[in-house]
Amino acid sequence: MKLARSTYYYRPCCASRARNAVEKRIELLCAEFPRYGYRRITAQLRIEGMNINHKAVARVMREQALQVRPLRTLRTHHRQLT
């Protein structure tokens, strides 16, 4: 098997710990504010000092099934029947 030594001994850096911390915070925010979408969650994280991309927040919410279902609009007919 031809595999570079650096690939064999590769260890990922601490990015996974940071990602886990962000995922936990997104979960907590979604539990606290169930109607917040990825844009408002991103804004809240930035207020708290985390520098995170909106696409990353959307990906985490999609992977963990934290997406907000759109509100259903009720249609009423105001026309009177004669």
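The values are calculated or read from the model by the stated rules, or taken from the named source; none is laboratory data. The model shown is predicted, which means the values in this text are computed figures rather than measured ones. In this analysis, Cβ positions are derived from the backbone assuming ideal geometry, glycine residues included, and neighbour counts consider all displayed protein chains.
The table that follows gives values for the structure above.
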| read-out | value |
| --- | --- |
| Any hit, the stretch 45-53, residues being modelled with pLDDT of 90 or more, in contact with a His (Cβ under 6 Å, 6 or more places away or on another chain), of a type in the set (Val, Ile, Thr) and farther than 17 Å from Asn20 by Cβ | no |
| Meets criteria (assigned to a helix (DSSP H, G or I), surrounded by 10 or more Cβ atoms within 10 Å (Cβ to Cβ) and either at positive phi or more than 11 Å from the chain's Cα centre (by Cα) (or both)) for Ala21 | yes |
| Contacts under 9 angstrom Cβ, first residue in the stretch 70-82 being hydrophobic (A, V, I, L, M, F, W, C), partner at pLDDT below 70, 6 or more apart | none |
